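Colleague: Quick one: the structure is below, and I'll ask about it shortly.
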Amino acid sequence: MKKIYKYKMILISIISTFIIIFNVNNTYAHENSIRVSRTTIDQIMSSAESFINIGKNTTNMDVTVLQEITDIFYNIMLGVGIVVAIIIGIVLGVKFMSEGTQSKAEVKEALIPYVVGCAVVFGAFIIWKIVIMILS
């Protein structure tokens, strides 16, 4: 097994060496062959200036529209998070009350990820709201 591995490594190193050696890119550039005309540079500069002017002349985005969109998105996602947390909590509670001792142990094990998940989800929403309030 070790001999096969050793031969594979030798073969891979030989092949990679040949690829590196024989993969030579020849360039035939000479100082006189590289000529950039003045009109090309002027065209590049004028198109760059027109691009910058287009960016300067655009109107600014309405901040109130952006705030309304983020508020709607925030409220929808918060509602979904609350509904999911309540449903999972109800399922775990019903399972804890109605099942036997084995299921109670499983529910107790599932409570830790449930609480951590709720803390992460609602903590993220709280952080998001704080950041939005600070930036606005």
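The values are calculated or read from the model by the stated rules, or taken from the named source; none is laboratory data. Note that the structure is a prediction, hence the values are computed from the model and not measured. In this analysis, Cβ positions are derived from the backbone assuming ideal geometry, glycine residues included, and neighbour counts consider all displayed protein chains.
Colleague: Restricting attention to region 62-95, which residues are in contact (Cβ under 8 Å) with a residue 24 or more places away in the chain and either in contact with a strand residue (DSSP E or B) (Cβ under 6 Å, 6 or more places away or on another chain) or among the small types (Gly, Ala, Ser) (or both)?
Modeller: If the condition is that a residue be in contact (Cβ under 8 Å) with a residue 24 or more places away in the chain and either in contact with a strand residue (DSSP E or B) (Cβ under 6 Å, 6 or more places away or on another chain) or among the small types (Gly, Ala, Ser) (or both), then Gly81, Ala85, Gly89 are the ones that fit.
Colleague: In region 82-96, what residues are surrounded by fewer than 13 Cβ atoms within 10 Å (Cβ to Cβ) and in contact with a helix residue (DSSP H, G or I) (Cβ under 9 Å, 6 or more places away or on another chain)?
Modeller: The one that is surrounded by fewer than 13 Cβ atoms within 10 Å (Cβ to Cβ) and in contact with a helix residue (DSSP H, G or I) (Cβ under 9 Å, 6 or more places away or on another chain): Gly93.
Colleague: Would you mind stating whether Ala119 is small (Gly, Ala, Ser), surrounded by 10 or more Cβ atoms within 10 Å (Cβ to Cβ) and over 28 Å from the mean Cα position of the chain (by Cα)?
Modeller: no
Colleague: If we scan region 86-109, do we find a residue that is at pLDDT 85 or above, under 20 Å from Asn75 (Cβ atoms) and in a helix (DSSP H, G or I)?
Modeller: yes
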